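The values are calculated or read from the model by the stated rules, or taken from the named source; none is laboratory data. Fair warning: this is a prediction, and the values are worked out from it, not measured in the lab. Note: ideal-geometry Cβ built from the backbone for every residue, glycine included; neighbour counts use all protein chains shown. Side chains are part of the model used for accessible areas, which takes the heavy atoms of the whole protein and leaves out ligands, DNA and RNA. Shrake-Rupley method; radii C 1.70, N 1.55, O 1.52, S 1.80 Å.
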Amino acid sequence: KNLYLSGGVYLGGTGSANHLDDYEEGTFTATLTGSSSNPSSTVQDVGAYYVKIGRQVFFHVNFINVNSTGAGGSVVVTGLPFVSLASSGDSYVGGNVAWYVGMSLNSNVDQVAVNISHSQTQFSFIGSASGTTWSDAVHNPVSGFYLRASSNYPTAS
């Protein structure tokens, strides 16, 4: 049997911090773009998926053997299902970049992260070598572009 509750449910207590009033999951269309030029043909992952629990959004994108020819500048993926929270300070950085082909990073980079700026529905990638500053991952256009990444971010929705 299904149980439907309007207004949410309390988990582990009755305080506002224990009130779960929003859960959603679904797919979205992620589009591969560049900060200075886009791929010659539209490159999309129509099976990108997300889970939203409260104001936290978890997502996963997967581009497999697509053509990024024509793309230039920083690697950017648009189409996140919710706008990231507007906040002062740094961007939301984290997540997992499982593998990639067609992105270039500075030499000796040992950390690659997903970078989501405030009030956005897009993300980019940054890399850093230990003890140095972060820099953007840029397109190295290829006919066999691969990218698998996941992360999470807060939203006001």
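Conditions (1) surrounded by 15 or more Cβ atoms within 10 Å (Cβ to Cβ); (2) under 13 Å from Phe123 (Cβ atoms), marked per residue:
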| residue | (1), (2) |
| --- | --- |
| Asn38 | yes, no |
| Val43 | yes, no |
| Tyr49 | yes, no |
| Lys52 | yes, no |
| Gln56 | no, no |
| Phe59 | yes, yes |
| Asn67 | yes, no |
| Ala71 | yes, no |
| Val75 | yes, yes |
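The residues of the range 141-157 that are surrounded by fewer than 16 Cβ atoms within 10 Å (Cβ to Cβ) and within 23 Å of Asn38 (Cα to Cα), listed by number, are Ser143, Gly144, Arg148.
Scanning the range 91-106 finds one or more residues that are free of Cβ contacts under 8 Å to residues at least 60 places away in the same chain, outside any strand (DSSP E or B) and polar (S, T, N, Q).
May I ask you to say which residue of Gly26, Gly94 is within 13 Å of Ile116 (Cβ to Cβ) and exposed (fewer than 15 other Cβ atoms within 10 Å of the Cβ)?
Details: Gly26 fails: within 13 Å of Ile116 (Cβ to Cβ).
None of the others qualify; the one that does is Gly94.
When only residues in the range 135-152 that are more than 14 Å from the chain's Cα centre (by Cα) and assigned to a strand (DSSP E or B) count, which is farthest from Gly73 (Cα to Cα)? Among residues in the range 135-152 that are more than 14 Å from the chain's Cα centre (by Cα) and assigned to a strand (DSSP E or B), the one farthest from Gly73 (Cα to Cα) is Tyr146.
Among the conditions (1) surrounded by fewer than 21 Cβ atoms within 10 Å (Cβ to Cβ); (2) under 16 Å from the mean Cα position of the chain (by Cα), Ser84 misses just one, which is (1).
Scanning the range 125-134 for residues that are in contact with a strand residue (DSSP E or B) (Cβ under 6 Å, 6 or more places away or on another chain) and open to solvent by 20 Å² or more (accessible area, probe 1.4 Å) yields one hit, Trp134.
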